[in-house]
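Working notes, beginning with the structure itself.
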Amino acid sequence: MRFLACALIVLSTLAGTAAAQLDAASSEARSAYRQGLLFERRNDVPAANTQFQIACEGGDMRGCLAAANNYRIGNTIPQDFSKAAGWYAIACEGGAGEGCSALGYLANKGLGLDQDYAVSFDYYERGCDRGDLSGCAGAGNLLITGTGIPHNRTEGARLLRQACSGGFEWSCTRLRDLGQPLELGQ
């Protein structure tokens, strides 16, 4: 949790959209991200993660997401959901919808964050608003089930359809499982 607290301090220094952050990212940050990808291709995830963190600290949200994903998965580095949540939080606050949606998932499952469906919904919704389809799917599913938030089947189905029409297959499957049409008018 100490890492998350530190991450929140860093969050206060980051603002803007993911695109603006990428534009604002220093050339050193972009270079560190590219170096991280090279290390990752060589299966040297610890070295890759070091570079991704440098990229993130320099304002490249792709680095934040990559570091978070590596901690979440635990691919040749120790799995650490709290660290993953910290890096996702920086990405989310930096404008990356994927980071917000990932925080929604972690809060939904109680991985690295307290399990809290209302917090999960807020992160999913923020991810969706920033164009991440998994966030739309997560928010829609919580609305349909009414898990920890007020039940709203109509809005939930709309969000699932939005994700489905964007190509997020899980949403299409979920709509079919619920007996909902994939598109309005069907």
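The values are calculated or read from the model by the stated rules, or taken from the named source; none is laboratory data. A quick note: this is a predicted structure, and the numbers were derived from the prediction, not measured. In this analysis, Cβ positions are derived from the backbone assuming ideal geometry, glycine residues included, and neighbour counts consider all displayed protein chains.
Key figures for this structure:
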quantity: Matching residues, region 167-186, being in a loop (DSSP other than H, G, I, E, B) and within 19 Å of residue 123 (Cα to Cα); calculated: 168
quantity: Residue list for region 10-44, filter: at pLDDT 95 or above and closer than 22 Å to residue 103 by Cβ; calculated: 33, 36
quantity: Pick from region 46-102, criterion part of a helix (DSSP H, G or I) and acidic (Asp, Glu), ranking: nearest to residue 139 (Cα to Cα); calculated: 98
quantity: Test for residue 7: is it within 23 Å of residue 128 (Cα to Cα) and at pLDDT below 95; calculated: yes
quantity: Subset of region 149-162 (residues that are under 24 Å from residue 115 (Cα atoms) and assigned to a helix (DSSP H, G or I)); calculated: 153, 155, 156, 157, 159, 160
quantity: Candidate set: region 104-135, residues that are without any contact (Cβ under 8 Å) to a residue 24 or more places away in the chain and not polar (S, T, N, Q); chosen: the one surrounded by the fewest Cβ atoms within 10 Å (Cβ to Cβ); calculated: 114
quantity: Boolean, residue 104 is on the phi > 0 side of the Ramachandran plot, in the same structural domain as residue 174 (by TED's automatic domain parsing), modelled with pLDDT of 95 or more and not polar (S, T, N, Q); calculated: no
